[in-house]
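Asks: Dropping a structure here in structure tokens format, bear with me for questions.
What follows is calculated from the coordinates using simple rules that are stated; it is not laboratory data. Predicted, not measured: the structure shown is a model, and the values here were computed from it. Note: ideal-geometry Cβ built from the backbone for every residue, glycine included; neighbour counts use all protein chains shown.
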Amino acid sequence: MIEFNDVSYHYPNQSDYALKHINFSIHEGEWVAILGRNGSGKSTLAKHMNGLLTPTYGDIRINGLELNEESVWDIRRHVGMVFQNPENQFVGTSVIDDVVFGLENIGLPREQMKERADESLRLLGLPDMHLTEPFHLSGGQKQRLAIAGILAMRPNVIVLDEATTMLDPTGKLQLLETIQQIRKQQHITTVMITHDVQEAAWADRVIILNDGEIGFNGSLSQSERIKEFGLELPFLLELTVALKERGYPIKYLPKNEEELVNQIWTYHSTK
Amino acid sequence: MDISFNQVSFTYQKGTPFEHHALHNVSTSISSGTMTAVIGQTGSGKSTFIQHVNGLYYPTEGSVEVGDFTITQDGLKSIKKLRQQVGMVFQYPEHQLFEENVRQELLFGPRNFGLEVSDSRLNEIFNMVGLPNEVLEKSPFELSGGQKRRVAIASVLVLEPKVLILDEPTAGLDPAGKQQIMNLFKSLQVEKQMTVVWITHDMTEVLTYADNVIVFHEGKLMGPAAPKALFRNKELLAQTSLNKPSVLKFLDELKDQIGVSINYNDQSAIELADEIIKVGEKS
Ligand SMILES: Nc1ncnc2c1ncn2[C@@H]1O[C@H](COP(=O)(O)OP(=O)(O)OP(=O)(O)O)[C@@H](O)[C@H]1O
Ligand SMILES: Nc1ncnc2c1ncn2[C@@H]1O[C@H](COP(=O)(O)OP(=O)(O)OP(=O)(O)O)[C@@H](O)[C@H]1O
Ligand SMILES: [Mg+2]
Ligand SMILES: [Mg+2]
């Protein structure tokens, strides 16, 4: 679905490359988390996925189609991107307009627009704020609106650039569950940039960027390596690794506390 | 400086169809030299609350006292003096970055207040927030999200305020950066007796760093409470849809599902793993 072939990128007037020889592919329906230190190149990488930035070297294919000046408009309809700062993507003067505007752009019939927008705003917990001006929302409400706008368009690929940093824990969990659901129903490919390693445990695979290069590409369960890249394990994963090192048969990385306790319980009840 | 809110209410866009009551009769006090976390769901009023402390909003009703300053609906004449002592980092760092390059950005505040800052001091502050020196000459708009956040924090620290007000200062920082920045705030509190008030959604951060916690729910304030006491208060957690830190959730699950009860006394994950093994061997 997404293919990067030896992609390097250099911002004008900068001494160093922000991306260096990036190679990877993500298949349809896969959920990939991208991790890495501040300034390691994650947002730069994301902006290549819908042609906001063009590689200095190398090429990118989306759904088999080479990303270039001709294909970029078509590709943008299929790749929905939530920016790190949601304020950069507000276009409407009210919450509902903002979502509807995106739907007009993809040429959705008028009757379906309202329904989709309503559904998406409800899913993101903004049902009573249709007439509010986007810039008058709280910080977390802004992030919710940005995500609602993209989900409503039902793109084939969703790229979330640290889109959940300001959600409360309950809201974050709801969003992750929503993603999992729509992914199953609609085979949506998800790329999620995050610093929250626990959140990354929801993904099928993680890619870790390190100073513009791919430092790691694989399963988070090989998490011993994660510390090499300036990432700390959150409590639950650190405990999981510690139990595994002490001989507990850990079968999978827990997404939440219950999943770890289940594994401990299974072990004791079969001992 | 001590901070106190006396029956503060705040309404956005009062008198328009979009009128919104964001704070309802909020009273609380925060002692000088403490570190206080402000938590609560999206839209509960946290940012509105803390922006009252440096006079970005004036209470619609009631008053806010910060040291010897008193802010009411009429505002405050000596607002500039207040802002020199109360540094504020916004939820979106973009809202406070506007200079041509990062060096100018850091010097803007001191210049505004007639203070001198040496180059070596700038480099020192840059180090404290984990930014490489070459970023000093870059435009703030050519930085990554986390780099912008660090610059915004540095631009407030350079003023050496007595009170630090931080709106989700660790959002968007990498895990190592989060620790570095939170440890920095803690050391400023302990060594310089700074009063630190910060908003966060990370309950582990609250448990690790807060002396006190204030909870917002639909514009109403609850607390302050000590973090451990707060996370034991089941009714309050349920009523305000708050989550517990991961370690406490895990220990609850362990007790409910397997009947193994381990008390939490600040053990690390490693220490807990050892305890679990011990309990397992006994059973
Ligand atoms: N518009 C720009 N012009 C010049 N340099 C830039 C620009 N945007 C980012 N950079 C630089 O490129 C590098 C990679 O930035 P990028 O935004 O991709 O990092 P990131 O991994 O997303 O970091 P964060 O976690 O902080 O968001 C950084 O060193 C940054 O300073
Ligand atoms: N400028 C504004 N005009 C009108 N209403 C506003 C404005 N800013 C915030 N509000 C509303 O006031 C309420 C409280 O907002 P506030 O920003 O204080 O929330 P918060 O607790 O900081 O939330 P978050 O965790 O999402 O940042 C929200 O319902 C919000 O929609
Ligand atoms: Mg980024
Ligand atoms: Mg806020």
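Asks: Under 5 Å between amide H atoms, partner at least 5 residues away or on a different chain: which partners does residue A:209 have, H built in plane at 1.01 Å?
Replies: A:35, A:36, A:215
Asks: Lysines near residue B:228 by alpha-carbon distance under 20 Å, same-chain residues fewer than 8 away left out - which ones?
Replies: Leaving aside lysines fewer than 8 places away in the same chain, those within reach of residue B:228 are B:186, B:244, B:249, B:255.
Asks: Arranged by the count of other C-beta atoms within 10 angstrom, fewest first, what order do A:101, A:135, B:185, B:49 take?
Replies: In increasing order of surrounding Cβ atoms, one gets A:135, A:101, B:185, B:49.
Asks: Same structure, new question: Could you work out which residue, out of B:243, B:25, B:265, moves most in a Gaussian network model of chain B, that is, has the largest mean-square fluctuation with Cα springs under 10 Å?
Replies: B:265
Asks: Taking every pair of Cα atoms in the protein assembly as shown, average 1/r, invert it to obtain the Kirkwood radius, and report Rg/Rh to two decimals.
Replies: So for the protein assembly as shown, dividing Rg by the Kirkwood Rh gives 0.96.
Asks: Taking only the alpha-carbon atoms of segment A:39-152, what semi-axes of the equivalent ellipsoid follow from 5 times the gyration tensor eigenvalues under a square root, in whole Å, largest first?
Replies: Square roots of five times the eigenvalues give 28, 18, 10 Å.
Asks: I've got another one for you. For residue A:105, put the label point 7 Å out on the Cα→Cβ axis and report which residues of segment A:127-143 keep their amide N under 17 Å from it.
Replies: Backbone N within reach: A:134-135, A:143.
Asks: What is the projected area of the convex hull of the Cα atoms of segment B:3-244, averaged over all directions, in nm²?
Replies: Averaging across all directions leaves 13.4 nm² for the Cα convex hull.
Asks: By the scheme Lys and Arg +1, Asp and Glu -1, what is the net charge of all other residues having a beta-carbon under 10 Å from that of residue B:87?
Replies: Taking every Cβ under 10 Å from that of residue B:87, the sum is +1.
Asks: Here is a further query. Give the relative contact order (percent, whole number) for chain B; include only Cα pairs under 8 Å separated by 6+ residues.
Replies: Once normalised by length, the contact order is 22 percent.
Asks: Of the DSSP beta bridges with both residues in chain B, give the percent that are antiparallel, rounding to the nearest 5.
Replies: 55 percent
Asks: Let me ask another. If you take every residue apart from residue A:10 with its C-beta less than 11 Å away from the C-beta of residue A:10, what net charge results, scoring Lys and Arg +1 and Asp and Glu -1?
Replies: Around residue A:10, the surrounding residues sum to 0.
Asks: Taking loop as defined by DSSP and a crowding limit of 11 other beta carbons within 10 Å, which GluC sites (Glu not before Pro) in segment B:1-80 fit?
Replies: Qualifying residues, ordered by number: B:19.
Asks: If you don't mind, another one. Where the only charges are on Cβ atoms (+1 Lys, Arg; -1 Asp, Glu), what is the dipole of chain A about its Cα centre, to the nearest 20 debye?
Replies: That gives a dipole near 560 debye.
Asks: With only Lys, Arg, Asp and Glu charged, each at its Cβ (+1 for the first two, -1 for the last two), find how big the charge dipole of the protein assembly as shown is about the Cα centre; round to the nearest 20 debye.
Replies: 800 debye
Asks: Continuing with this model, one more query. In degrees from 0 to 90, rounded to the nearest 10, what is the angle of the helix B:102-112 Cα long axis to the longest principal axis of chain B?
Replies: In chain B, helix B:102-112 runs at an angle near 70 degrees to the longest axis.
Asks: Grab every C-alpha pair in segment A:2-220, bin the distances at 10 angstrom width from 0 up to the longest one, and report whole percents.
Replies: 8, 34, 36, 19, 3, 0
Asks: Based on the alpha carbon coordinates of segment B:7-71, what radius of gyration and maximum Cα-Cα distance (Dmax) apply, in Å?
Replies: Cα only, segment B:7-71: 12.4, 41 Å (Rg, Dmax).
Asks: Taking neighbour counts of Cβ atoms within 10 Å as a proxy for exposure, in what order, fewest first, do A:42, A:251, B:234 appear?
Replies: Arranged by neighbour count, lowest to highest, A:42, A:251, B:234 become B:234, A:251, A:42.
Asks: Step by step: find N for segment A:95-201, compute 2.2 N^0.38 Å, then divide the Cα radius of gyration by it. What's the final number?
Replies: 1.04
Asks: Looking at segment B:165-283, what % of the alpha carbon pairs are farther apart than 17 Å?
Replies: 63 percent
Asks: Can you sort A:17, A:252 so the residue with the fewest Cβ neighbours within 10 Å comes first?
Replies: The fewest-first ordering by Cβ neighbours comes to A:252, A:17.
Asks: Still on this structure: Restricting the count to DSSP beta bridges whose residues both fall in the protein assembly as shown, what percent are antiparallel, rounded to a multiple of 5?
Replies: Antiparallel bridges make up about 50 percent of those DSSP assigns within the protein assembly as shown.
Asks: Select from B:179, B:189, B:51 the residue whose mean-square fluctuation is largest in a Gaussian network model of chain B (Cα-Cα springs shorter than 10 Å).
Replies: B:179
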